[in-house]
1. Using amide H atoms built 1.01 Å from N in the peptide plane, name the residues 5+ places from VAL543, or on other chains, whose amide H lies under 5 Å from its own.
2. Region 310-379 to region 33-76: how many Å between their Cα centroids?
3. On a full-extension model of 0.36 nm per residue, what is the gain between GLU79 and THR484, subtracting their alpha-carbon distance, rounded to one decimal in nm?
4. Give me the distance in nm between label points sitting 7 Å out from Cα along the Cα-to-Cβ direction at ALA327 and ASP95, one decimal.
5. To one decimal place, what Kirkwood hydrodynamic radius in Å is obtained for region 366-479 from all pairs of distinct Cα atoms?
6. Here is the link list: LYS73/LYS275; LYS165/LYS466; LYS10/LYS400. Which ones come out longer than 23 Å on Cα distance?
7. Using the alpha carbon gyration tensor of region 1-50, what are the three equivalent-ellipsoid semi-axes (square root of 5 times each eigenvalue), largest first, in whole Å?
8. Once neighbouring chains are kept in place and the probe is 1.4 Å, which whole percent of the accessible area of region 1-139 is contributed by carbon and sulfur?
Amino acid sequence: MVQLLGSLRKELADSVSSCRLLVVGAGGIGCELLKNLVLTGFRNIEVIDLDTIDVSNLNRQFLFQKKHVGKSKAQVAKESVLQFCPKANITAYHDSIMNPDYNVEFFRNFTLVMNALDNRAARNHVNRMCLAADIPLIESGTAGYLGQVTVIKKGLTECYECQPKPTQKTFPGCTIRNTPSEPIHCIVWAKYLYNQLFGEEDADQEVSPDTADPEAAWDPAETAARAGASNQDGDIKRVSTKEWARSTGYDPVKIFNKLFKDDIMYLLTMDKLWKKRKAPLPLDWAEVQKMACPQDEVSGAGLKDQQVLGVRGYSHLFSRSVETLRAQLAGKGEGGELTWDKDDPPAMDFVTAAANLRMHIFSMSMKSRFDVKSMAGNIIPAIATTNAVIAGLIVLEALKILSGDLEQCRTIFLNKQPNPRKKLLVPCALDPPNSSCYVCASKPEVTIRLNVQKTLVLSLQDRILKERLGMVAPDVQIEDGKGTILISSEEGETEANNSRSLSEFGIRNGSRLQVDDFLQDYTLLVNVLHCEDLGKDVEFELVGDAPDKAPPQTSASEEGKSIANGSEDSAQPSTSSKAAPAEDDDILIVDSDEEPSSSAMEVAAESGSHKRKLQDAETGEGLAKRKRLEQPPAEDDDIIALD
């Protein structure tokens with residue numbers, strides 16, 4: 001007779017109470033997951049999250065309260081969970097999982113790792129660390145009503161990077177407000193700004209750093225003091241952007257200087273944000289007006305909407321659009337509001353100008369009005385119940401692993417609407433490793449097409465190896481018979497090479513580079529293909545992969561993917577791309593703390609099989625997994641019971 005301890009077999013209950021877990025992320029999914037873990041009986045948990053609590057988190061991250069605003073998510077989550085499970089042994093780290101301190105040996109301390117992350121770069125990094133440590137990883141993500149959970153085990157299943165990922169469509173609020181790294185982040189910010197100034201104000205669409213927000217202190221003691229000083233009950237008093245603008249008479253110059261000078265200077269005081277990112281450069285209206293003459297500012301041929309103005313040109317467009325929208329708002333009477341419409345010229349001018357000015361501040365290439373319009377889209381709020389469902393599924397998969405039933409693990413999709421078999425939860429078998437994966441293959445190898453005469457060593461390091469291929473501290477050696485060191489992760493050793501082109505080191509068509517990342521215990525062979533006509537704004541392409549840099553003949557919306565700021569935590573992702581599906585007029589921006597993984601996007605359809613077939617054509621990914629989704633075996637209709 002099976003002996004039970006609570007609802008679990010005694011053997012499984014013992015494994016649950018004795019195993020060590022690492023939870024990466026304490027946001028939307030992470031809060032639900034930590035609660036589920038301790039209530040299931042897990043006692044040894046370590047949780048890591050770099051973020052601090054924002055007011056906008058409180059509607060779904062239930063472990064946090066108003067009094068916690070500005071404090072460490074990981075630390076507060078630990079304290080909250082211990083209130084209803086004091087016996088749990090929980091360690092919290094207010095840090096980035098990509099910190100070199102969390103090396104392969106650190107990961108080997110755990111029985112299981114569970115991801116509850118909000119960006120692709122961190123997901124890629126944890127994937128590689130778990131592969132190096134040979135520790136099972138449970139990956140998850142949500143986007144609105146959609147969600148996914150999957151299990152990754154070295155040698156048995158696909159890793160997170162085995163298949164090319166489709167465009168990222170979710171962006172954490174902190175990325176939009178504080179650390180934009182791609183043009184789409186600035187476009188979303190500009191749309192938020194439009195609503196804050198002229199439309200319906202939404203607390204979740206705050207655009208500027210909050211001087212009353214204790215997060216800005218960065219010192220835990222000062223943070224707590226500022227939170228208390230702001231309001232004794234912990235509420236943070238925020239100044240209405242619309243009220244402030246109204247008090248200035250919607251003066252374009254004052255609004256410009258606040259948004260693009262004062263707010264940016266305040267961001268610079270958060271010095272921890274800029275240790276591994278390129279710091280933003282504030283813009284002053286008076287200084288901008290001294291810049292180059294307008295005739296020197298326009299770039300790009302073709303129609304007016306396809307031209308890219310300079311900073312001064314966009315400052316003038318910003319001023320004119322503010323004046324036009326101010327008049328429209330006045331015509332609405334007291335309490336009137338404007339509604340953003342991409343087909344409304346003044347509204348589109350405002351978003352184009354504001355987004356491009358912010359792109360310039362954060363060292364991104366600016367975009368034409370046509371590009372901005374094609375990328376601007378709708379906002380969908382995060383759904384708390386989606387996070388709860390996905391967190392529950394994570395625990396079920398963990399129990400299967402601890403039971404030794406890895407073959408019973410599944411990739412599980414949560415759909416917005418029931419599929420033809422009336423199922424919202426659709427499981428499918430885990431796919432085996434991709435033999436050509438440049439991460440988990442026995443001899444990882446990748447071919448990159450680029451112009452060796454134009455590509456600088458710094459671009460190879462930051463844009464290709466770190467951003468696109470997800471490395472943290474790469475070392476690069478040229479296979480030229482001499483063992484020439486091109487890039488060293490040791491500070492100062494090869495910095496003199498950064499401004500030189502690859503061709504200056506004898507790299508040409510067919511050259512091979514040996515790349516090592518000791519932090520990730522990862523080695524990659526890079527084959528170089530020289531190409532002189534990659535197209536406008538395309539720096540490189542990964543051969544055989546869905547390129548993140550769109551060639552010029554594709555839709556302009558895809559071109560927004562090409563520029564990222566520094567080595568930001570998303571690196572790609574967020575890391576992240578933004579191409580619109582062919583049938584969509586707009587990019588869909590999901591206002592969520594969780595980024596959907598690639599397969600979650602495959603089930604984004606409101607009607608099952610039709611959209612999945614369409615996605616096959618759009619992403620170029622294999623049909624096998626989706627066929628299983630459309631016609632799952634009878635025994636896969638539901639989540640498999642453990643006991």
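The values are calculated or read from the model by the stated rules, or taken from the named source; none is laboratory data. No experiment lies behind these values; they were computed from the predicted model shown. Glycine also receives a Cβ, built like all others from the backbone with ideal geometry; neighbour counts cover every protein chain displayed. Heavy atoms of the whole protein, side chains included, go into the accessibility calculation; ligands, DNA and RNA do not. Shrake-Rupley method; radii C 1.70, N 1.55, O 1.52, S 1.80 Å.
1. So VAL543 has HN proximity to THR447, ILE448, ARG449.
2. Measuring centre to centre over Cα atoms gives 37 Å.
3. Taking GLU79 through THR484 to full extension adds about 140.7 nm, to one decimal.
4. That separation, rounded to one decimal, is 5.8 nm.
5. Over region 366-479, the inverse of the mean reciprocal pair distance is 19.5 Å.
6. none
7. For region 1-50, the semi-axes come out at 25, 11, 6 Å.
8. Of the solvent-accessible surface of region 1-139, carbon and sulfur hold 48 percent.
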